[in-house]
Every structure is written in structure tokens, then in C-alpha cells.
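Just below is one structure, and these are the notes that go with it.
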Amino acid sequence: MRTPLAGSLIVALVLTAVPAQRAAAQSIEVDRLRGLQMLDQIQKDLVEHYFDPTFHGVDLTGLIARARQRIGAASSLGEIFGILGGVCLDMRDSHTMFGPPRRVHDVQYGWGWRPTGDRMLVAWVAADSDAHAKGLRVGDTVAEIAGYAVTRANHATLWYLLWQLRPQPKLALIVEREGVRRTVEIESSIVTLDSRLNDLGQYTMQEWIMQGDDPEPSHQWLADGVLYWRLPTLQLEPLRVVVHERAVRKATKVILDLRGNEGGSQAAMVRAAGFFARDAEVLTRVMRREREVVRTPKGGKPAEAEVIVLVDSHTGSAAEILARFLQLRGIRVVGDRTSGHVTSGRIFGHALGDGDIKVLYRVQVAVADGIMPDGKRLEGIGVIPDTFSLPTPDDLEKKLDPVLAQAAASFGVTIDSQRAGRLSRQ
């Protein structure tokens, strides 16, 4: 078994996963030239915009110089993209990333995974996919992918490589179920994309994610005075959070479900935090030239309900800031460790080439760090629950939710895991 994947090893996987496809010397020379131009732009964006001018100890000049040498010797476009992606990954920052030019053809694997505790479990399988035909099941533990052991530490890097930098026509997996391991080779499906690429410019991560199509927040009374508030996203205008405030204030007990919430608008997060604390420091945003203390709104009384917050490995960014803010105020957090992706990013769109034919790509740069009121960072660490509570592989496959059922039971409400699963999927 190979060593776990780290940012600087992403090039190795690019090299081993797919042989070089381009033989024409003229073509690879053009690709190398463009790769070097992209590398220069990555360096420029980092120097001008990264929140820490010292790059927290990373030797950026040396990093760029080594990447320049590797690009000069690269034998494929995929290898070049891997080198560029590795430069950003070696910044060890969740919101610094190279976005390669969009392809006319892409692949879909028909399945995906999620960290659950220390295991990577299959989270979904498309019914019309080769993965389904080969017997891949929700809840299977993914032990290896493309020859690499999958861990909580490297799974995001592997996802970035396989889904964005270098999609593969097929994937070899080793999966485990009830102690039995097997190898599965899954064929990908080819998808033709819109070739009109007009997404140049620059925008914040908040502006980018607000374009998404996410489920609406909802609330439901589990019993008299016991409210279940499902907040699956913060990719919201603040008013779409405020509409739930009356119910939260009416409740004596609230289960706030942030599982699967990958973050979104800081303004929406602050309004939600304001339900439970007024004029309170949420975090300090540390930027290159300034610091901003983010506080909840002033005036009025906070809700007096007893609260449990549910989180999982997909709770990220603004959602995990909200969870930690509440935890620091004595509110119990239940579930799995959150993602630890809390810096704030800006996406810069760039173009190479002259005339009507251009190569478009993006560089995402972390422009602000977040410091919680206790003086600590969440980046790379995440929120550690007061009580760990995880679904089993069978729970995932059967769409059961024992975590919500147990939270309700602690408030004196009995609901079975099947009903809890229906509630949390709404």
C-alpha cells in the first residue's frame, strides 16, 4: 500500500493514474508554455492577495522554482495541471486552489464518498451507473482509490485530483463491508459540457456559492416546545434565515441541524448566531492589511431555549463557525468532527491566448483567516463535538438517522431512526 497522499504528492498520482496522451512535441511545448504562464499568475495572485504575507512559513519562491522545473520536463497536460494544483495545495489552506480550464468533455463516476469518523464511506450511488452495476453500495468503506489509501487527511486532495484536475475514464477501488474486502473497477461515463466559457472576472467565494441550488431551511415541531430546525446551507440571503426566528424564540428546546451544511454567507451565519446571543463576538477576520471583528446584531433578547447542534464531516466554513460560536457559549455539539475549512476565499478568473480562442482558468486565494473568540483557529482542525455520534454503514444504506433520534430522546421526545431520516432529508 502506498503512502497517504499529501499536497506535494499530487503530481505522483497524476503520473501513475494515466499515461501521457500527447506525443506531438509541438503540442507539449505549447502546453508547457501555458503552464508556465499559469504558474506566474498563481504566484502573482498569492503575492498580492494571500492573507498572510509570510505565507505561514512556506518558501513560496522555492515552491514556484521547483514547479517551474517540473513543468519544463512535463510530458502531458494532465501532469502540468497536477503541478499547478500541487503548488496551491502546498499552501495547506482549504481556500487556495487552482481551477483548471474547463473541458468540453468530462466524466461522471456515478458515486461519491463522505468521511464518517475515521472511515470513508460510500455516500451515494447512481442507479444508472457502472458503480451500481458492479455492486458498490452506500455504506461501503473505501479503503483505496487509484492505488492510494483513502484517509480523512487526504480525501479532499484525492477528490480535487479525480473530480477536477484529472478525471479518469475508470477507477480501481478497494472497498470493505463487514470485514470483507474486494476490488472494484468502475467505468466512468463521458459527459459533453457547454463549450462557451465566459466566467472570467473575480468574485468572492460567497458570490460563487450563492449561485448554487441548495435545499431550503425548514423547521418542524417534534413535540410541544421542541423544535427541529434544519439548516442545510448558509448560501442564503439573511432574510431566509430570519423567517425561522419566531419559531426558535417560541421553543423551549431546539435541535439545530447543520449536518451537510458547507457554509455560505457570513451575513446569514451572523443572523442565525444572533438568535442565541446579542452583540456578541462571533469571530475576527484577519486580512492582509486589516482585522475585522464580526459581531451579532445589537438590541433585543436572545432566545432562551436549550439547544443541541448537530454537525458532521461536511459541516464547513460559516456553518462550522456558527457551531463553534455556540459551543463556546455552552451549547452542546453532537456528531462528527467538522471539515476545518474556514478561511475566506476570492476567486480570480484569468485568460491565456489572443483573439477569440482563449484558455480560461481560475485561481482561488484565501484572503482572510478566522479567529474564534477563544483566540484559536478552526482552519485544518474543525469543531470537535462534545459528544461523538455517527451513523453506521447500514444506517446510511437504509437512510436511517440515529443521531437525530438520539438528540430528540435527550429532549424527552421519542422518534425512531426511520422517521428521523425522513426529517433530516427534507
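The values are calculated or read from the model by the stated rules, or taken from the named source; none is laboratory data. Worth saying up front: this structure is predicted, and the values here are computed from it rather than measured. In this analysis, Cβ positions are derived from the backbone assuming ideal geometry, glycine residues included, and neighbour counts consider all displayed protein chains.
Quick notes on this one:
Conditions tested, residue by residue: (1) within 10 Å of Leu234 (Cβ to Cβ); (2) more than 18 Å from the chain's Cα centre (by Cα).
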| position | (1), (2) |
| --- | --- |
| Gly263 | yes, no |
| Ala268 | yes, yes |
| Ala272 | yes, yes |
| Glu290 | no, yes |
| Val307 | no, yes |
| Val311 | no, no |
| His314 | no, no |
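- Selection over the range 46-71 of residues that are in contact (Cβ under 8 Å) with a residue 24 or more places away in the chain and outside any loop (DSSP other than H, G, I, E, B) gives a count of 10.
- Residues that are in contact (Cβ under 8 Å) with a residue 24 or more places away in the chain and part of a loop (DSSP other than H, G, I, E, B) within the range 265-303 comprise Ser265, Phe275, Phe276, Ala277, Arg278, Ala280, Arg288, Thr296, Pro297, Pro302, Ala303, listed in sequence order.
- Qualifying residue in the range 372-391 (condition: assigned to a strand (DSSP E or B), closer than 14 Å to Val342 by Cα and either in contact with a Phe, Trp or Tyr (Cβ under 6 Å, 6 or more places away or on another chain) or in the same structural domain as Gln266 (by TED's automatic domain parsing) (or both)): yes
- The requirement of being under 26 Å from Gly225 (Cα atoms) and outside the structural domain of His49 (by TED's automatic domain parsing) is fulfilled nowhere in the range 350-365; no residue meets it.
- Within the range 401-411, the presence of a residue that is touching a Gly at 6+ places or on another chain (Cβ under 8 Å), assigned to a loop (DSSP other than H, G, I, E, B) and exposed (fewer than 15 other Cβ atoms within 10 Å of the Cβ) is excluded.
- Scanning the range 143-195 for residues that are surrounded by fewer than 20 Cβ atoms within 10 Å (Cβ to Cβ) and of a type in the set (D, E, K, R) yields Glu144, Arg152, Lys170, Glu176, Arg177, Glu178, Arg181, Arg182, Glu185, Glu187, Asp194.
Okay, residues lined up against (1) out of contact with any strand residue (DSSP E or B) (no Cβ under 9 Å at 6 or more places or on another chain); (2) more than 23 Å from His155 (Cα to Cα):
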{"position": "Ile371", "(1), (2)": "no, yes"}
{"position": "Gly380", "(1), (2)": "yes, no"}
{"position": "Thr387", "(1), (2)": "no, yes"}
{"position": "Asp394", "(1), (2)": "yes, no"}
{"position": "Lys398", "(1), (2)": "yes, yes"}
{"position": "Asp401", "(1), (2)": "yes, yes"}
{"position": "Ala408", "(1), (2)": "no, yes"}
{"position": "Ser417", "(1), (2)": "yes, yes"}
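- Hey, Asp106 assigned to a loop (DSSP other than H, G, I, E, B) and surrounded by fewer than 16 Cβ atoms within 10 Å (Cβ to Cβ) or not: no
- Residue in the range 115-135 that is out of contact with any strand residue (DSSP E or B) (no Cβ under 8 Å at 6 or more places or on another chain), under 21 Å from Gly35 (Cβ atoms) and assigned to a loop (DSSP other than H, G, I, E, B) present: no
- Test: residue in the range 383-398 that is buried (at least 21 other Cβ atoms within 10 Å of the Cβ), within 30 Å of Gly85 (Cα to Cα) and in contact (Cβ under 8 Å) with a residue 24 or more places away in the chain: yes
- Cβ-Cβ under 6 Å pairs, at least 6 apart or on other chains, the range 26-40 side closer than 20 Å to Ile64 by Cβ and at pLDDT 90 or above, far side of a type in the set (A, V, I, L, M, F, W, C) and in a helix (DSSP H, G or I): Asp31/Leu77; Asp31/Ile80; Arg32/Ile71; Gly35/Ile71; Gly35/Ile80; Leu36/Ile71; Met38/Leu84; Leu39/Ala67
- The lone criterion from (1) under 18 Å from Gln327 (Cα atoms); (2) in contact with a Pro (Cβ under 6 Å, 6 or more places away or on another chain); (3) of a type in the set (S, T, N, Q) left unmet by Ser417 is number (1).
- Number of the condition not met by Glu79 [criteria: (1) in a helix (DSSP H, G or I); (2) at pLDDT 95 or above]: (2)
- Test: residue in the range 363-376 that is polar (S, T, N, Q), out of contact with any Gly (no Cβ under 6 Å at 6 or more places or on another chain) and touching a residue at least 24 places away in the same chain (Cβ under 8 Å): no
- Number of positions in the range 332-363 that are of a type in the set (A, V, I, L, M, F, W, C), surrounded by fewer than 19 Cβ atoms within 10 Å (Cβ to Cβ) and in a loop (DSSP other than H, G, I, E, B): 1
- Only residues that are modelled with pLDDT under 95 and assigned to a loop (DSSP other than H, G, I, E, B) were counted across the range 198-232, and they come to 12.
- Apart from one condition, Leu84 fits all of (1) farther than 12 Å from Leu165 by Cβ; (2) modelled with pLDDT of 95 or more; (3) not hydroxyl-bearing (Ser, Thr, Tyr); the exception is (1).
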